[in-house]
Structures are given as structure tokens and as C-alpha cells.
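Quick notes on the structure that follows.
The values are calculated or read from the model by the stated rules, or taken from the named source; none is laboratory data. If you're wondering where the values come from, they're calculated on a predicted model, not measured in any experiment. With ideal geometry, Cβ positions are generated from the backbone for all residues, glycine too; neighbour counts draw on all protein chains shown. These area figures cover heavy atoms from the full protein model, side chains too; ligands, DNA and RNA do not enter into them. Shrake-Rupley method; radii C 1.70, N 1.55, O 1.52, S 1.80 Å.
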Amino acid sequence: MPQPIISVKGLVKNYGDFQAVKGISFDVFEGEIFGLLGPNGAGKSTTLEIIETLREKTAGSIHVDGYDLDKEPAAIKKIIGVQLQTSGFYPALNLLELIDLFSGLYNHKVDAMALLKKVNLEDKAKSKSKELSGGQRQRFSIATTLINKPRVIFLDEPTTGLDPQARRNLWDLIREIRTAGTTVIITTHYMDEAEQLCDRIAIMDQGRIIKLATPESMIDELVESGFERPKQMKAANLEDVFIHLTGRDLRED
Ligand code: ADP
Ligand code: MG
């Protein structure tokens, strides 16, 4: 049995009179890529930010790697990787300097160049974050989650707005991070991405988890219930055509 690295029980978040998260419970197992899906406003970012210790919860309990969020938030901070804001706060620093800065803040020494290499940005070491393409910026943002060698990282819509090549490149990176032993929690609006990338998915709507299972079992269950697509699907879709014509190589440099 895989062990839960994150355990959420009865999580509630109120913003004034409005209940954004309505008592959700779920476990994330060590070593999996866990997807949090749902329409805008479902409560995904709120849930992630509470687990990341960045937002106060209203009720419920959370454990990360056995640490109780109410009692040992500092211990949790040490073992999680959070995407750090770079562009707005530190526009004058280049990528190497930013990693050194964050490495100091985390009190965790890191080989900045090796980390940039890992996300395929060694050529951009002396660039400022505003000079990066969308895909490069997201790769850098993922690099910042890895500085403290975390057990689990949180990625909130990392591929939103990226072209198909950059999305595939990011999927490969996320898979590599998982293979290296880090648990990944990701939110996304792209169902093909969730289907390909995630081991298990929780679908949230209006503050509740309405389904939690593997992508395959969700699809099988729907098919078994008698669901049929209105139109017979072709053996390829337009994204397949696009990738076939333009290739998988990144176009950002
Ligand atoms: P998602 O990430 O799924 O789009 P969020 O967690 O960002 O959803 O937001 C859930 C709900 O809570 C939304 O209705 C949003 O407007 C509301 N909300 C988020 N942050 C705040 C806040 N700081 N104050 C008041 N309402 C908020
Ligand atoms: Mg969000």
C-alpha cells in the first residue's frame, strides 16, 4: 500500500460569509502525480495554498508527511516546494541570482547552474525573468519549487496559456521530477493533460470534491453507465495534426 504523504480531513475555508471550500477530505500518496481539477472558482487554489501554509483554514485537519499543519507548519514548509513569484518582485535579478536569493531564504544551499540545467534553462542563466517565453518562465517557476529538495511540490495551473510544444515539454519535466522521487500535486484545466499526466484525480466543484479516482476508472465508469459520444471520434484530433505538422521541438529560443 502506498503511504499518504498528504492527508486532508474535513477542510473548510470561509471568506467572510462565503464558503469557498466545504469540508473536503482526500489523501495524496507518496510518489504520485495527483490532479486537482475543476472549473474556475471551485476552490482548487485555496485548497493548495492552505496545504502550503500560505492561507489560514477555517476548519479541518491537514497532515503532510506526518506533520500536523496546526502544530508544525515550519516543518511542513521545509519539505514542500512552492512556486515562487519572481517577475513582480525582483525584476533586476537574473535567473542565477534569483535562485541564489531563494536558496538563501530557504537556508538551503543549491547549485544554481545545475538546477537551471535540470529545467533546460542553462542558456538563460544571465537573463531576467521578464525576458523569458511563457514556457521558459514556467520551467523556471518549477525550478524554484525544487530549491529545498522537497518531498512534494505544488503546481497551480503550470501549463495555462502555453503552446502544445511547451505543454509537452513541461509534462516531461513533471514526469522527471516524479521519477526522481518527488510527489506532485497539480491543478489544470486541460483534461487531456490530466488524463496523460495524473495517477489520480479529484474533481472539485463549488467547494466540494465530487469525484476522486484514476482517470481510467472515471472514463470506464462513464462508458459503463451507457454514455456515448454524440459523434464518432476520429482516430486523431486537431492537436495531433498540429503536433504532427509542427513537431515537438520548442520554439521559444
Ligand atoms: P480556483 O482556484 O478553483 O479557481 P479559488 O480557490 O481561487 O478557486 O477560489 C474559490 C472561491 O473563493 C472563488 O469564488 C473565489 O472568488 C473565492 N476567493 C478566493 N480568494 C478569495 C479571497 N481572498 N477573498 C474572498 N474570496 C476569495
Ligand atoms: Mg486557481
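For the range 26-48, does any single residue satisfy the condition of being hydroxyl-bearing (Ser, Thr, Tyr) and over 16 Å from the mean Cα position of the chain (by Cα)?
no
Would you call Gly16 away from ligand 1 (no atom under 11 Å from the Cβ), over 19 Å from the mean Cα position of the chain (by Cα) and either farther than 18 Å from Thr214 by Cα or not small (Gly, Ala, Ser) (or both)?
Numbers: away from ligand 1 (no atom under 11 Å from the Cβ): no; over 19 Å from the mean Cα position of the chain (by Cα): yes; either farther than 18 Å from Thr214 by Cα or not small (Gly, Ala, Ser) (or both): yes.
No: the conditions fail for Gly16.
Kindly indicate whether Lys44 is within 22 Å of Trp171 (Cα to Cα), crowded, with 18+ Cβ neighbours inside 10 Å and in contact with a Gly (Cβ under 9 Å, 6 or more places away or on another chain).
yes
Residues to consider are Asp220, Asp205, Asp199; find the one that is surrounded by 14 or more Cβ atoms within 10 Å (Cβ to Cβ), away from ligand 1 (no atom under 16 Å from the Cβ), over 30 Å from Ser129 (Cβ atoms) and at pLDDT 90 or above.
Sole residue among the options that is surrounded by 14 or more Cβ atoms within 10 Å (Cβ to Cβ), away from ligand 1 (no atom under 16 Å from the Cβ), over 30 Å from Ser129 (Cβ atoms) and at pLDDT 90 or above: Asp199.
So in the range 28-53, with the set limited to residues that are closer than 15 Å to Gln83 by Cα and part of a loop (DSSP other than H, G, I, E, B), which one is nearest to ligand 1 (Cβ to nearest atom)?
The residue in question is Glu52.
Which one of the conditions (1) assigned to a helix (DSSP H, G or I); (2) within 21 Å of Leu170 (Cβ to Cβ); (3) touching a residue at least 12 places away in the same chain (Cβ under 8 Å); (4) open to solvent by 20 Å² or more (accessible area, probe 1.4 Å) does Phe102 fail to meet, given that it meets all the rest?
(4)
Considering the range 163-190 alone, what residues qualify as being over 18 Å from Gly81 (Cβ atoms) and within 16 Å of ligand 2 (Cβ to nearest atom)?
Scanning the range 163-190 gives His189, Tyr190.
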